[in-house]
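Q: I have a structure I would like to understand better, so I am pasting it below and will then ask my questions one at a time.
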Amino acid sequence: MIDHTEFAQYQQLLAQAQATLSLEELEWHCEIIDISLHGCLLRFVHTWEQHNIEAVYTLTIQTPESDEIIMNLAISHVIDNEVGFKCEHIENDLLLRQLVGTISGTDKLLSRELIELTHAV
């Protein structure tokens with residue numbers, strides 16, 4: 001079980017991250033609601049209408065503490081303006097491990113399955 005204080009710190013760190021999702025020449029700024037090595041949950045300003053299930057999107061994350069983290073993602077589910085993505089590849093997973101590890105000291109936040117990202121901890 002994840003400590004609520006630890007999770008609040010984790011959420012604060014994610015809120016500070018600059019996230020951009022792209023597909024070819026299209027680009028969307030988004031908010032990272034949750035993330036793990038298995039996928040992520042993103043929130044967009046408007047209802048998500050790009051339902052190209054077969055496409056592989058690129059998520060670029062920039063935080064003040066790290067270099068860019070780049071993930072290749074496929075859509076898992078869509079609910080209004082929140083979209084769950086399955087991770088196909090992380091270009092630099094060590095940076096993601098370090099980023100989240102600075103808060104929790106363990107990989108328990110990173111190892112959660114995609115379904116766990118859709119539920120409040």
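The values are calculated or read from the model by the stated rules, or taken from the named source; none is laboratory data. Please read all numbers here as calculations on a predicted model, not as lab measurements. Glycine gets a Cβ as well: all are built from the backbone with ideal geometry, and neighbour counts include every protein chain shown.
Q: Of all residues in region 56-96, which are farther than 11 Å from residue 39 by Cα and β-branched (Val, Ile, Thr)?
A: Passing the criteria: 56, 58, 60, 61, 63, 69, 70, 78, 79.
Q: Right, here's the next one. Restricted to region 77-96, and to residues that are over 16 Å from residue 42 (Cβ atoms) and among the aliphatic types (A, V, I, L, M), which residue is farthest from the chain's Cα centre (by Cα)?
A: Going through the qualifying residues, I end up with 94.
Q: In region 24-51, what residues are within 15 Å of residue 86 (Cα to Cα) and either over 15 Å from the mean Cα position of the chain (by Cα) or among the acidic types (Asp, Glu) (or both)?
A: Correct list: 34, 51.
Q: Do we have residue 105 as modelled with pLDDT of 75 or more and not polar (S, T, N, Q) here?
A: no
Q: Next question, about the same structure. Filter region 52-76 down to the residues that are at pLDDT below 90, over 11 Å from the mean Cα position of the chain (by Cα) and not polar (S, T, N, Q), then identify the one that is surrounded by the most Cβ atoms within 10 Å (Cβ to Cβ).
A: 68
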